[in-house]
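Below is one structure, written out as structure tokens; comments come after it.
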Number of protein chains: 2
Amino acid sequence: MLGSRYEGQVCSAARSLELVGERWSLLIVRDALFAGATRFSEFLRRLGLARNILSARLEGFVETGIMERAVREGSAYEEYHLTEKGRDLAPVIVALTKWGDRWAAPKGPPILYRHLGCRGEVLQRLVCAQCSAVIDHDELGVEIGPGMPGVA
Amino acid sequence: MLGSRYEGQVCSAARSLELVGERWSLLIVRDALFAGATRFSEFLRRLGLARNILSARLEGFVETGIMERAVREGSAYEEYHLTEKGRDLAPVIVALTKWGDRWAAPKGPPILYRHLGCRGEVLQRLVCAQCSAVIDHDELGVEIGPGMPGVA
């Protein structure tokens, strides 16, 4: 769908950007996740983007398994529903939102994420699976994993 | 820098994508954060992108305070260093990586994030500030925050 312009990059972040890094992609997923948008006309109205771009993005999402097409019984409208793969983008959207809240929202966050269970504020944390510490970015390292070419 | 093509969007995720949503932006930040890249030639070699695009991205990062220029004493080379604002993008890159590991890495993760303290695996979690629950995406809601126009 996007062409593989990050093809030299063996990296899951690059792979993700191949699938959802095009302009509008993550905002379409955001509206599906948090505003319950499902129809072409809803995305169009909410986002105000060009029809051909919206159409290309939704097609791409269906091709790559991020959304699936559905028709609700008794309705004439085709709908686009996020799959598990699509819904699993929630942490990416929350991470972008938190960064924007901190660095690009001088009047405060326009939108707050809430835990539906108790209405508490949602925090994003990097946590160590071994020692359970909350990890700041200066405690974050990388190493080669099994998916790196040449690694057994 | 990018033009404000998401200008109708009052949303911190959209604001973030204005600043780091262009092609290559997050991969440049990734290499600065996790590979310690600082020089134009390093980014160029590691990423294999066009010089003019790299140049535009680094300029943009300096303009928007994501990077700053520095010259190391005794060196002729100009360097680009992430600011706190830039380093704070780590959770966005980790979130993209985790999603890619799960959905686009059939051979397993090429890169693993480790806690430098104990070498434990790094997990990404959404946590409730009130009840401390780990929040799954189906327990995530949104509400209007103070930065929404028309909200006191």
Exercise. Can A:GLY117 be described as without any contact (Cβ under 8 Å) to a residue 12 or more places away in the chain, in contact with a Cys (Cβ under 8 Å, 6 or more places away or on another chain) and not in a strand (DSSP E or B)?
Worked result: yes
For this session: With the condition kept exactly as written, say whether any residue in the stretch A:53-71 is in contact with a strand residue (DSSP E or B) (Cβ under 9 Å, 6 or more places away or on another chain) and modelled with pLDDT under 95.
Result: yes
Exercise. Could you count how many residues in the stretch B:64-110 are in contact (Cβ under 8 Å) with a residue 60 or more places away in the chain and more than 8 Å from every other protein chain (Cβ to nearest Cβ)?
Worked result: 1
For this session: Count, please, the residues in the stretch B:65-89 that happen to be in a strand (DSSP E or B) and aliphatic (A, V, I, L, M).
Result: 4
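Residue-wise test of (1) within 26 Å of A:GLU18 (Cα to Cα); (2) more than 7 Å from chain A (Cβ to nearest Cβ); (3) of a type in the set (Ser, Thr, Tyr).
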position	(1), (2), (3)
B:TYR113	yes, no, yes
B:GLU121	yes, no, no
B:HIS137	yes, no, no
B:GLY141	no, no, no
Exercise. Which one of these is in a helix (DSSP H, G or I) and in contact with a Leu (Cβ under 6 Å, 6 or more places away or on another chain): A:VAL127, A:VAL122, A:VAL92, A:VAL62?
Worked result: A:VAL92
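The rows are residues; the columns are (1) touching a helix residue (DSSP H, G or I) at 6+ places or on another chain (Cβ under 7 Å); (2) in contact (Cβ under 8 Å) with a residue 24 or more places away in the chain; (3) within 12 Å of chain B (Cβ to nearest Cβ); (4) in a helix (DSSP H, G or I).
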residue: A:LEU19; (1), (2), (3), (4): no, yes, yes, yes
residue: A:LEU27; (1), (2), (3), (4): yes, no, yes, yes
residue: A:GLU42; (1), (2), (3), (4): no, no, no, yes
residue: A:ARG46; (1), (2), (3), (4): yes, no, yes, yes
residue: A:LEU49; (1), (2), (3), (4): no, yes, yes, no
residue: A:LEU54; (1), (2), (3), (4): yes, yes, no, yes
residue: A:ARG57; (1), (2), (3), (4): yes, yes, no, yes
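Can you name the residue in the stretch A:29-40 that is assigned to a loop (DSSP other than H, G, I, E, B) and modelled with pLDDT of 95 or more and, of all such residues, is farthest from A:LEU96 (Cα to Cα)?
Result: A:THR38.
The values are calculated or read from the model by the stated rules, or taken from the named source; none is laboratory data. Remember, it's a predicted structure, so these values are computed and weren't measured experimentally. Methodologically, a virtual Cβ is constructed for each residue, glycine included, from the backbone with ideal geometry; neighbour enumeration extends over all protein chains shown.
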